[in-house]
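Notes to accompany the following structure.
Computed from the coordinates by the stated procedures, all read-outs in this text should not be read as laboratory data. Predicted model only: the values in this text are computed from it and were never measured. Neighbour counts run over all protein chains shown; Cβ positions are idealised from the backbone, glycine included.
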Amino acid sequence: MTSSVQFDTNGNLRHFLTIEGLSREALVEILDAAESFISIGERQIRKVPILRGRTLVNLFFEDSTRTRTTFEIAAKRLSADVINLNPARLSTNKGERILDTIRTLEAMHTDIFVIRDNASGTSHLVAKHVPSHVHIVNAGDGRHAHPTQAMLDMFTIRQHKDDFTKLRVAIVGDILHSRVARSQIHALKILGVPDIRVIGPRTLLPTEIEKMGVTPLCELDEGLQDVDVIMMLRLQLERMEGQLIPSAQEYFRQYGLTAERVQRAAPDAVVMHPGPINRGLEIASEVADGKRSLILEQVTNGIAVRMSIMAKLMAGQRGPEEGKE
Amino acid sequence: MNVLITGGRVIDPANGVDQTQDLFIRDGKIAGFDDTTREIAVDKTLDARGLVVCPGLVDLQARLREPGEEHKATLDTELVAAVAGGITTICCPPDTDPVIDTPAMVQMIRQRAEEIGLTQVLPVGALTRSLAGEQLTDMAALRDAGCLALGNAENTIDNTLVMRRAMQYATTFDLTVFLNALDPWLKGNGCVHEGEVSTRLGLPVIPEAAETVALARELALIETTGARGHITQLSCARSVTQLADAKERDLAVTAAVSAHHLHLSEQDIGEFDTRCHVIPPLRSLTDREGLRQGLADGVIEAICSDHQPHGFDAKLAPFSESAPGIAGLETLLSLTLKLVDEDVLKLPKAVAALTANPARILGIDTGQLSIGARADLCVFDPNKQWQVDAEKLRSNGTNTPFDGRSLPGVVRWTLVSGEVVFAHDKK
């Protein structure tokens, strides 16, 4: 099942809602373009005029300082005008309310909405109901997708590993609730990674996950054997209700990433985490701050990758000729 | 008024009839077939050549939204939709507002339906007061007000002792107990089947066990109380196996399946299509196959619409927050006939699942064409296709995932007590 909503009638990427259904070429194009945006961050004047005169609204129904900030910086470096909104959440008639909010902002000539919400499918809902000149970027919808995070993860992997088609990757932790894991899996599959393992207790491994082309494993030590990339997930203890996992102590004992466990991976294995990290819950400080950790690089790369994605969406709109510039 | 319906293929599963013959109606009742009818004066003749003449459809579960949610639909709107779909008897669950837990509510709904004069509405009374699952309703009084069956709608009775007593007490007054097999804890805040699609879309799940665990409890209680139970909707293949086993042991249990569960699966949710948000959820293709097989084998007796009309905005939400339910009155017959096209059922058996079987579950004398029976009829063209256009449905609810699909079977006339209450305008 591909996401038809995110393409326009010419097959150009109009929205960025999910990695699922994108081509390898599209992903590589985004990663390549992100390389060029990296250098902008290192210049004295960190701006390019790609989105000059455009308005971007960060619409975060669920709070997130980190993701919102990187989107804001990315948009500003592309010279867009940025507005941040954190509308108060109401549980009733939320859908209608979201669409009302979007329509109101649309009437003010917004070009890009960056949306985060705690319900799966919110970005798709909005994308189905906006006029063709408006672009939606999914900054995380429930447990479904967090495609820009997955792209920055791929970008970071590519900086350290030569060939996706030879990698062994382990994704560790709360796969069940993780939109990051789902998007990472799609991206890794599309880029040709042959060995993707998802590791966690049975309560946190979604049913039929193997149909996404991954190997589910319950033993961390076994799962980390010879892997090149370890992608940790954030564990939200308050979601566990004392049932999905019994306690933080037990979780760390079984699934916490320690220096000792990292030894099982390939000698040049790297450790990643989408943040914010829970030290001593899913990852030991010595690993998070250690030499194999790419956690801060991920943050830096997040800006360039998001610039690349937004530039690509707008390029599609300008038409094929202009877009090639 | 005397009506003669000529030349139709009369299918009356209750009497084992399937033959082309004339049918004569006198004073609102079936008066006779073929030659016996010739000498009598006829006020109206309906030419049914090439059409099927069968009992009016009996829908065991449809929400009509009245009282309490008139902004979504009313009896006025929905009963027009019902007769357009060939449905002449409807059971409405007790989860109206106020709840159908008093004789006054039963009488009010019946009276409203009688005033409208189209489809007969049989309210299912509540098993427990306010559907709270704690205290029993005055069941004898509800029966005397006209309830044939009692249920607790989607509000589960969590306390097993309360359920046991509800069954025992209902049985005292010869009432059928309508059961909705769904474990409240396993359901939780879930909205889709636990499987490939829930994993891909990251939606909260309703596992298969939510149905099978609850069904096992209800079957055990039926067995030990001797109650007559009807499972309002099944969604899993494994439930069909459980039910077949129960029937093997001669339990007094029947079951229905919604028309949409026989055609859709979790795969139809695609990219968060909220029109496919239903409870119980659309399950796997294997489950759909199991339900079809259960119907063919007679383990499942009836097909219901599980009609749930909504306003246009109810589905305009993120999937988990959209309102569950499909508006199904006008597609019930066609979706059932599609099973005939797909070689799941023979036509008489398909008709039985919509007429004789649900009528028998309720213990009413409609759903058949015996001489002297009330002349509730549906006359349809089985060979004609139509394209579903949600906006043109008569129901106030336009929420159907079948929008745009081409379906077999067009209702030409619907008769209630011998009166033509719906006629398809020929084009």
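Indicate, rounded to the nearest 5 percent, the antiparallel portion of the DSSP beta bridges found entirely in the protein assembly as shown.
On the way: 33 of 98 bridges.
In the protein assembly as shown, approximately 35 percent of DSSP beta bridges are antiparallel ones.
Simple point charges give the picture: +1 on the Cβ of Lys and Arg, -1 on the Cβ of Asp and Glu, and for the protein assembly as shown a dipole about the Cα centre of about 1560 debye. Around the Cα centre of segment A:148-295, unit charges on the Cβ atoms of Lys, Arg, Asp and Glu (plus for the first two, minus for the last two) sum to a dipole of about 320 debye. Annotation note: trypsin sites (Lys or Arg not before Pro) in segment B:223-264 located in DSSP loop regions with a Cβ neighbour count of at most 14 within 10 Å are B:ARG249. Across segment B:269-275, computed HN-Hα scalar couplings (Karplus, 6.51 cos²θ - 1.76 cosθ + 1.60, θ = phi - 60°) run 5, x, 9, 6, 6, 5, 5 Hz from first to last residue, x flagging Gly and Pro.
Tally Lys and Arg at +1 and Asp and Glu at -1 over the other residues with C-beta under 12 Å from the C-beta of A:CYS218: what net charge comes out? Write out the running numbers ahead of the final one.
Details: positive: A:ARG197, A:ARG202; negative: A:GLU219, A:ASP221, A:GLU222.
In short, -1.
Close amide-amide hydrogen proximity is noted between B:HIS193 and B:ILE206, B:LEU282, each under 5 Å apart and 5 or more residues distant or on a separate chain (H modeled in the peptide plane; Pro and chain starts excluded).
Taking amide H atoms as placed 1.01 Å from N in the peptide plane, the amide H of B:PHE178 lies under 5 Å from those of B:LEU150, B:GLY151, B:HIS230, each 5 or more residues away in sequence or on another chain. Helix B:103-116 and the longest principal axis of the Cα set of chain B meet at an angle near 40°.
When a/c reaches 1.5 or more, the comparison of a/b and b/c decides; with that in mind, is segment B:56-362 rounded, prolate or oblate per its Cα gyration tensor? Numbers along the way, then the final one.
On the way: a/c = 1.26, a/b = 1.14, b/c = 1.11.
Taking the square roots of the gyration eigenvalues as a ≥ b ≥ c, segment B:56-362 is rounded.
Database remark: amide H of B:ILE87 closer than 5 angstrom to the amide H of B:LEU57 (H placed geometrically; neighbours at sequence offset of 5 or more, or on other chains; Pro and chain starts carry no H). Within the shell of other residues whose beta carbon sits under 10 angstrom from the beta carbon of A:ARG197, the net charge comes to -1, with Lys and Arg scored +1 and Asp and Glu -1.
The angle between the Cα long axis of helix B:75-84 and the longest principal axis of the Cα atoms of chain B comes to about 60 degrees, rounded to the nearest 10. Considering only B:LEU179, A:ILE102, B:PRO401, the residue lying farthest towards the positive end of the dipole of the protein assembly as shown is A:ILE102, judged by Cα position with unit charges set on Cβ.
The charge dipole of segment B:248-346, taken about the Cα centre with unit charges on the Cβ atoms of Lys, Arg (+1) and Asp, Glu (-1), comes to about 120 debye, rounded to the nearest 20.
Once the Cα-Cα distance is subtracted from the 0.36 nm per residue extended length, the A:ASP221 to A:LYS291 segment shows a gain of 23.2 nm. Over segment B:56-362, what is the percentage of antiparallel beta bridges among all DSSP beta bridges, to the nearest 5? Bridges in segment B:56-362 that DSSP calls antiparallel: roughly 5 percent. Annotation: lysines with alpha-carbon distance below 17 angstrom to A:LYS166 (same-chain offsets under eight excluded): A:LYS189. Between A:HIS133 and B:ASP245, the FRET efficiency from the beta-carbon distance, with R0 = 41 Å, is close to 0.10.
Charged neighbours of B:GLN61, selected by a Cβ distance under 15 Å, balance to -4 (K, R count +1; D, E count -1).
Taking every full run of DSSP H in chain A, the ones that stretch at least 27 Å from end to end by Cα along their long axis and average -0.5 or higher on the Kyte-Doolittle scale are A:24-42, A:295-318. For a straight C-alpha distance cut-off of 18 angstrom, the lysines reachable from B:LYS29 (same-chain residues fewer than eight places away being disregarded) are B:LYS44. Loop-located GluC sites (Glu not before Pro) in segment B:110-169 (DSSP state not H, G, I, E or B) with no more than 14 neighbouring Cβ atoms inside 10 Å: B:GLU134.
Counting other Cβ atoms within 10 Å, keep those with at most 14, restrict to DSSP loop, and tell me which trypsin sites (Lys or Arg not before Pro) in segment B:320-400 are left.
Values: sites: B:LYS338, B:LYS346, B:LYS349, B:ARG360, B:ARG374, B:LYS384, B:LYS392, B:ARG394; in loops: B:LYS346, B:ARG394.
Answer by residue number: B:LYS346.
Just how many pairs of Lys in segment B:56-362 have C-alpha atoms closer than 21 Å, counting pairs that are eight or more places apart or on different chains?
5
Reachable lysines from A:LYS76, Cα under 29 Å, same-chain residues fewer than 8 places away excluded? Hits, sequence-local ones excluded: A:LYS47, A:LYS128, A:LYS312, A:LYS324. Putting +1 on Lys and Arg Cβ atoms and -1 on Asp and Glu Cβ atoms, find which of B:VAL52, B:ALA31, B:VAL42 reaches farthest to the positive end of the dipole of segment B:17-72. Final value for the positive-end residue is B:VAL52.
Each of A:GLY256, A:PRO201, A:PRO274 was placed along the dipole of segment A:148-295 (beta-carbon charges, centred on the mean Cα), and the one lying farthest toward the positive end is A:PRO274.
Here the calculated FRET efficiency for A:GLU25 and B:GLN387, from their Cβ-Cβ distance with R0 = 22 Å, stands at 0.05, rounded to the nearest 0.05.
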